[in-house]
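Notes for the one structure printed next.
Derivation of every value follows stated rules applied to the coordinates shown; laboratory data play no part. The shown structure was predicted, so the numbers you read here are calculated from the model rather than taken from an experiment. When we count neighbours, we look across all protein chains shown, and the Cβ atoms used for this are built from the backbone with ideal geometry, even at glycine.
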Amino acid sequence: MALTVYIPTLRAGERLARTLAALEAQEPRPEVVVADNSEEGLAERLAERFPWVRMLGFGENLGFGAALNRAVGEAPGDPIVFLNDDVTVEPGFVAGMLAVLDAEVDMVAAVLLMEREPERIDSAGVLADRTLLGFDYLNGEPAAALASAEDPLGPTGGAALYRREAFERVGGFDERIFLYYEDLDLALRMRRAGSRCRLAPSARGLHAYSETLGANSARKYAMTGWSRGYLLRVYGFARRPLLLARAILVEAVICAGQLAFQRTARGLRGRLRGWRAGAGVERRRLPESGLSKISVAEALRARRQRHQGS
């Protein structure tokens, strides 16, 4: 079965070149489409080195989800794979994803390993608690944990396979979300529509975490905060007072930490802007299964581990 890999990029430098070289060595070699979000058309500079890659330039930064939606629309493949431009896939990546794809599966989660510590997992998909606080599945765990790992809620957008029909049936990515948590929202909507996710333990890549914005930058806090506030609003938490109170408690602790240690309130302001932006959006229903039942303390511990590990 053939597949098409879509890579959104903003900087399109040597990181992207390494990603493309690793894909070129795959058996079978996939079709590859680069969705260039840079204003200067930077990806075109790689065309001579990788003439088999299709370069789509937009002339502006559309955001992660919007760029991929457009790329799939202009160069449709099936199945479709989304891959970050700071991921260097290992041999067998493509074959590993296809090996677990069967008639019951619409989503496949590949495994991202930490580039600086390849024996540890960066992400094996996404999870979320009852307030939609998102987590990277198996973050910080040894790669050996994959042998007995269950399937996640959905794939991380940095290394994900979807059947195109299932992806398009739910409308693809929500383009209001510029960056961060768009993969969680997509997983929630696809699970609600009946799609299942399967983990592909042998489909692995090395990931340079938050290469674009920086792991603990104020700009990243603003964007993750916006997405967090937006999702709480569009999934109807204003009508769920107990869960909203729990969410506010966790978010207050997170924002206090950002203020104390990074001296920025942009995460808090982002959450408020995202909540307001979700006011006019049609309310979405949560999937009937797949959300993790964890305590507030466990949620905060997982967030702290991700922060320290970045």
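Each residue of segment 15-23 was assigned a 3J(HN,Hα) from its phi angle through the Karplus curve 6.51 cos²θ - 1.76 cosθ + 1.60 (θ = phi - 60°); the sequence is 4, 5, 4, 5, 4, 5, 4, 5, 5 Hz, with glycine and proline shown as x.
Here the Karplus relation 6.51 cos²θ - 1.76 cosθ + 1.60, evaluated at θ = phi - 60°, turns the backbone of segment 253-261 into coupling constants of 5, 4, 5, 5, x, 5, 5, 6, 9 Hz, with x for every Gly and Pro. Which of Ala25, Ala200, Ala260 moves most in a GNM of the chain, Cα contacts under 10 Å? In this elastic network of the chain, the residue with the biggest mean-square fluctuation among Ala25, Ala200, Ala260 is Ala260.
Percent relative contact order of segment 4-207, based on C-alpha pairs within less than 8 angstrom and at least six residues apart?
Value for segment 4-207: 25 percent.
Along segment 51-60 the Karplus relation, 6.51 cos²θ - 1.76 cosθ + 1.60 evaluated at θ = phi - 60°, assigns HN-Hα couplings of x, 7, 8, 8, 9, 10, x, 9, x, 6 Hz to successive residues, with x for each Gly and Pro. Extent of segment 47-96 along its three principal axes (Cα atoms, max minus min coordinate, largest first): 33, 26, 20 Å. Restricting the calculation to Cα atoms, segment 4-207 yields a radius of gyration followed by a Dmax of 15.7, 48 Å. Sparsely packed loop sites in segment 23-84 (the chymotrypsin sites (Phe, Trp or Tyr not before Pro) outside DSSP H, G, I, E and B with at most 15 other Cβ atoms within 10 Å) comprise Trp52.
Quick check: from the Cα gyration tensor, does segment 178-281 come out rounded (a/c under 1.5), prolate or oblate?
Numbers: a/c = 1.99, a/b = 1.10, b/c = 1.80.
Because a/c hits 1.5 or more and a/b fails to exceed b/c, segment 178-281 counts as oblate.
For the chain, modelled as a GNM with alpha-carbon contacts under 10 angstrom, which of Val72, Val105, Val33 fluctuates the most? Maximum fluctuation in the GNM of the chain, among the listed residues, is at Val105. The calculated 222 nm mean residue ellipticity attributable to helices in the chain amounts to -11000 deg cm²/dmol, summing -39500 (n - 2.57) over DSSP H runs of n ≥ 4 and dividing by all residues.
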